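Below is one structure; the comments refer to it alone.
The values are calculated or read from the model by the stated rules, or taken from the named source; none is laboratory data. Just so it is clear, the model here is predicted, and its values are computed rather than measured. Backbone-built Cβ (ideal geometry, glycine too); neighbour counts: all protein chains shown. Calculation scope for accessible area: heavy atoms of the full protein, side chains included, ligands and nucleic acids excluded. Shrake-Rupley method; radii C 1.70, N 1.55, O 1.52, S 1.80 Å.
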Amino acid sequence: MKEKKRVYQALVDGAMEGLTDQALYDFVKTRCPKATSKKIVRASLLALTDPHLRDRNILDVIYALVIKHRLDEGVLDDGEDEETYERAQPPQVADRNMPELT
């Protein structure tokens with residue numbers, strides 16, 4: 001939990017300094033070198049749900065970062081990666097009793 005708070009604070013500090021996107025991510029990695037993308041995403045989600053953090057610009061910057069890294073890294077909330085999730089989905093099979101549309 002201590003690491004998540006450090007990452008959270010680095011995110012907020014960087015966003016308050018006007019950093020965005022990759023510059024903010026690099027700032028967090030510099031302040032918290034052991035932080036993985038997954039930890040940064042989770043700390044970002046913590047920041048987005050913090051009722052004390054009300055600055056719309058900071059929230060927008062953190063939101064953009066979390067979306068980008070969730071999509072890039074395939075990080076899901078339950079600890080699975082996107083590739084595992086996609087493999088677990090049943091294949092879509094067309095109903096063979098349905099007539100073909102022409």
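Structure summary
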item: Spin-label model distance (nm) - LYS5 vs GLU17, 7 Å beyond Cα toward Cβ; result: 2.2 nm
item: Accessible surface, per residue, of region 1-57 when the full set of protein chains is kept, probe 1.4 Å, Å²; result: 64 Å²
item: Stretchable slack from ILE67 to THR49, in nm (0.36 nm times residue separation minus alpha-carbon distance); result: 5.0 nm
item: Net charge, ALA15 excluded, C-beta distance under 10 Å - Lys, Arg +1, Asp, Glu -1; result: -4
